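Trainee: Quick one: structure below, then a few questions.
The values are calculated or read from the model by the stated rules, or taken from the named source; none is laboratory data. Remember, predicted model here, so these are calculated numbers, not experimental data. We place every Cβ from the backbone using ideal geometry, glycine too, and count neighbours over all the protein chains shown.
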Ligand code: KG4
Ligand code: ZN
């Protein structure tokens, strides 16, 4: 089965082609046009600007993603449906199904991907599957069954009986969720953020620290600087010298919900009190990052134990955080741990195509006329 994935939920225009062969899913193309530099100057995503940029990018991005399927030297498709100049034939790429993110996300951004998918489904006369953006993130863990991936990160090669139940932590700019996954397509949300998502908290904390958008990678960079600077200092001196302490919100609550807005406020008050904070950005970054990591890991491990998970999976943009990856891997201990390759943590269309593959296998198609955007789509 060959699947075209389309993703336009927020500020990345993405298209990808994956091919399934037996128990193996190969990535033929993975094209992402990021708008980060456009939104940087506003300190966050401006929805209308994002939507307009998606309109400009969607066809070139899809054309680029389809290249491996076209005869070599073939000119780009015009809306994926072109006259072959020499023979007058219509070229239809050999796609079996289109998988598109229909929500949650920014409505005007989602509309661009969904309307494009509807049109292609109609002109190519192929089925379309609607993919929940969070489900896509979860399936980033099922990408790349090729030998390039370390075996312990290859979810798809593992038999379902050894994989499920899985506890999946999805941490992105818009979502922080703990999901119990009992099988393909079977999800139960066991915990969510009550206010800011983990990525949003990173972005807001970065803003307070005068760093650029997106804040997660910036905070991670400064935190690493702090760790490197202090790796030579003994623990004893370190503990007496560095006093910044931020709260770990809801870490001891019995439920699996999260709350990060208070953490950001605590940082704001500490910065207000500290006249020398500008000299301590690496230290504030390290403590903020560690506070988020502590809460995420504590709740995930507790959930994994309670639900007797066979695997713990990590996904979403914040899963690009190297400290989180490292510390979670250590904390899961004797449970199998799966996380996506770095390039599949932030928004991409490969994860949509892979989630779409599993949905197509279950024949969960949607007629293109009925395909709808739902910016609050639940898992
Ligand atoms: O999944 P994603 O690309 O988009 C959404 O679905 O929201 O996630 C983007 C989020 C941003 O908030 C960004 O700051 C965060 O992921 N992020 C990180 C890192 N890289 C991206 N957060 C912490 N550490 C990182 N290295
Ligand atoms: Zn996302």
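Trainee: Scanning segment 121-139 for residues that are under 16 Å from residue 373 (Cβ atoms) and away from ligand 1 (no atom under 16 Å from the Cβ), which turns out farthest from the chain's Cα centre (by Cα)?
Mentor: 121
Trainee: To continue, here is another question. Going through 116, 176 one at a time, which residue ends up being at pLDDT 95 or above and away from ligand 1 (no atom under 16 Å from the Cβ)?
Mentor: Exactly one of 116, 176 is at pLDDT 95 or above and away from ligand 1 (no atom under 16 Å from the Cβ), namely 116.
Trainee: Among the residues of segment 35-42, is there at least one that is modelled with pLDDT of 80 or more, out of contact with any strand residue (DSSP E or B) (no Cβ under 7 Å at 6 or more places or on another chain), surrounded by fewer than 18 Cβ atoms within 10 Å (Cβ to Cβ) and part of a loop (DSSP other than H, G, I, E, B)?
Mentor: The answer is yes, given that some residue of segment 35-42 is modelled with pLDDT of 80 or more, out of contact with any strand residue (DSSP E or B) (no Cβ under 7 Å at 6 or more places or on another chain), surrounded by fewer than 18 Cβ atoms within 10 Å (Cβ to Cβ) and part of a loop (DSSP other than H, G, I, E, B).
Trainee: Look through segment 161-174, keep the residues that are buried (at least 20 other Cβ atoms within 10 Å of the Cβ) and away from ligand 2 (no atom under 14 Å from the Cβ), and return whichever of them is nearest to residue 256 (Cα to Cα).
Mentor: Among them, the one singled out is 167.
Trainee: List the pairs whose first member sits in segment 5-17 and is under 17 Å from residue 46 (Cα atoms), whose second member is part of a strand (DSSP E or B) and away from ligand 1 (no atom under 13 Å from the Cβ), and whose Cβ atoms are under 8 Å apart, counting only residues at least 6 apart or on separate chains?
Mentor: Listed pairs, sorted by first residue: 12/33; 13/33.
Trainee: Here's another thing I want to ask about it. Would you call residue 280 out of contact with any strand residue (DSSP E or B) (no Cβ under 9 Å at 6 or more places or on another chain) and more than 23 Å from residue 321 (Cβ to Cβ)?
Mentor: Considered against the rule, which asks whether it is out of contact with any strand residue (DSSP E or B) (no Cβ under 9 Å at 6 or more places or on another chain) and more than 23 Å from residue 321 (Cβ to Cβ), residue 280 comes out as no.
Trainee: With (1) modelled with pLDDT of 95 or more; (2) within 23 Å of residue 126 (Cβ to Cβ) as the list, and residue 56 as the residue in question, which single condition is left unmet?
Mentor: (2)
Trainee: Only one residue in 347, 374 is over 28 Å from residue 228 (Cα atoms), touching a strand residue (DSSP E or B) at 6+ places or on another chain (Cβ under 8 Å) and within 14 Å of ligand 1 (Cβ to nearest atom). Which one?
Mentor: 347
Trainee: Still on this structure, I have one more. Being in contact (Cβ under 8 Å) with a residue 60 or more places away in the chain, out of contact with any strand residue (DSSP E or B) (no Cβ under 8 Å at 6 or more places or on another chain) and surrounded by fewer than 20 Cβ atoms within 10 Å (Cβ to Cβ) is the filter here; which residues of segment 175-208 pass it?
Mentor: Hits for segment 175-208 are 184, 185, 195, 207, 208.
Trainee: Out of the residues in segment 204-232 that are under 18 Å from residue 317 (Cβ atoms) and not in a helix (DSSP H, G or I), which is modelled with the highest pLDDT?
Mentor: Looking at the filtered set, the residue picked out is 211.
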